[in-house]
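Reviewing the structure listed below.
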Amino acid sequence: MPDNIIISDLYKNYSGEHALAGVSLSVPKGCLYGLVGADGAGKSTLLRICTTLVSADRGTARICGLDAAKDFQAIRSRIGYMPQKFSLYQDLSVRENMQFFADLFGVKPKEREERMTRLLEFSRLAPFVNRRARNLSGGMKQKLALSCTLIHTPEVLFLDEPTTGVDPVSRKEFWAILSELRAQGITIVVSTPYMDEAHLCDELLFLHQGKVVRQGRPDALLASYPLALYTVWSDEKLLTVSQSVTLPHGVALLYPEGGAIHAAIAGEERPATEVLSLVKTVVPGATRAQRTKPKIEDLFIYLLSEQNDAESSPKQ
């Protein structure tokens, strides 16, 4: 299957600071590709270069076989882009917003009604077609924004943290829609701060300070997690741990996780009782420990700690 997106050695600086520093990736047609990273990692810059809104300082970005630096007009007709703050017109209804974007993208009147009807049903917005955008819930606004982005039937869809601030039920519905779009053959590149969403992607790319630190399929990435992970908790109270705590010998990472604590142990797996004893030296309230499987969030924390250790190591 051919790649819809090919990024090669992409660099972008802002005021002397690297927003991107040698990013390379490829996205096959029909893939749901996730970008993961903290604020300032370079996710939005990468998406803006792919959508021809920003020029790279170095490197190439090819979208649908076209050069983003030279063929921007042709690319824009074949992609959809939903930035973090999509500009809906609050005084217009759902239908009027969609009509406006259909006109903006040059959708012919004959095709417009058919596409609008299909997208309204697809996004579950048909019952609210006459409601003004300002009166929609956060999740419904995001689904309307996505519908407006899809009105010209793009081949590739770029979404920049589309569910930030949206309630969990609406987030789940939004991702169900993305799965349906992928099944239709649309290539989707989405950045997300939510690790449970990241696991829904076909492939992931972890960015840190403009550099690629890891990429691959979620299951394969989790299989590469090199530490033994344990959940430590208390039967009596919620546990927490300070970021500045001195880690017990053999404990590589220690961080809060939903009222409990995750302890990542370097080296071979140890008995849970031994791990509990280690953690109790810095978290006296801990009463139980159990071996657990890492999730994408645990991998993300490990990768960040690995990068921070590398950056703090003395240069030779």
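The values are calculated or read from the model by the stated rules, or taken from the named source; none is laboratory data. Values in this document were obtained by computation on a predicted structure and should not be read as measured data. Note that each Cβ is placed from the backbone with ideal geometry, even for glycine, and that neighbours are counted across all protein chains shown.
Figures for the structure shown
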{"quantity": "Residues that are in contact with a His (Cβ under 9 Å, 6 or more places away or on another chain) and either outside the structural domain of L207 (by TED's automatic domain parsing) or basic (K, R) (or both), drawn from the range 1-52", "calculated": "K12"}
{"quantity": "Selected residue [outside the structural domain of L32 (by TED's automatic domain parsing) and under 30 Å from K43 (Cα atoms)] from A272, A263", "calculated": "A263"}
{"quantity": "Residue satisfying all of: in the range 41-60; charged (D, E, K, R) and either within 20 Å of the chain's Cα centre (by Cα) or closer than 27 Å to D219 by Cα (or both); surrounded by the most Cβ atoms within 10 Å (Cβ to Cβ) among these", "calculated": "K43"}
{"quantity": "Among residues of the range 148-170, those that are touching a Ser or Thr at 6+ places or on another chain (Cβ under 9 Å), assigned to a helix (DSSP H, G or I) and surrounded by fewer than 21 Cβ atoms within 10 Å (Cβ to Cβ), counted", "calculated": "1"}
{"quantity": "Of all residues making up the range 109-147, the number that are among the β-branched types (V, I, T) and either free of Cβ contacts under 8 Å to residues at least 24 places away in the same chain or crowded, with 20+ Cβ neighbours inside 10 Å (or both)", "calculated": "1"}
{"quantity": "Strands (runs of 3 or more DSSP E) wholly inside the range 1-102 that include at least 2 residues being under 14 Å from L205 (Cα atoms)", "calculated": "3-14, 17-28, 32-36"}
{"quantity": "Breaking point among (1) more than 20 Å from F158 (Cα to Cα); (2) touching a helix residue (DSSP H, G or I) at 6+ places or on another chain (Cβ under 6 Å), for S224", "calculated": "(2)"}
{"quantity": "Residue match in the range 180-187 (condition: more than 12 Å from L32 (Cα to Cα), surrounded by fewer than 15 Cβ atoms within 10 Å (Cβ to Cβ) and touching a residue at least 12 places away in the same chain (Cβ under 8 Å))", "calculated": "no"}
{"quantity": "Some residue of the range 177-186 being at pLDDT below 95, part of a loop (DSSP other than H, G, I, E, B), under 16 Å from the mean Cα position of the chain (by Cα) and not polar (S, T, N, Q)", "calculated": "no"}
{"quantity": "Criterion (in the same structural domain as L159 (by TED's automatic domain parsing) and surrounded by 16 or more Cβ atoms within 10 Å (Cβ to Cβ)) met by exactly one of A102, A74", "calculated": "A102"}
{"quantity": "Only one of G139, G216, G165 that is of a type outside the set (S, T, N, Q), farther than 23 Å from S24 by Cα and out of contact with any Phe, Trp or Tyr (no Cβ under 9 Å at 6 or more places or on another chain)", "calculated": "G165"}
{"quantity": "The range 6-40 - residue that is of a type in the set (A, V, I, L, M, F, W, C) and crowded, with 23+ Cβ neighbours inside 10 Å and, of those, farthest from the chain's Cα centre (by Cα)", "calculated": "L10"}
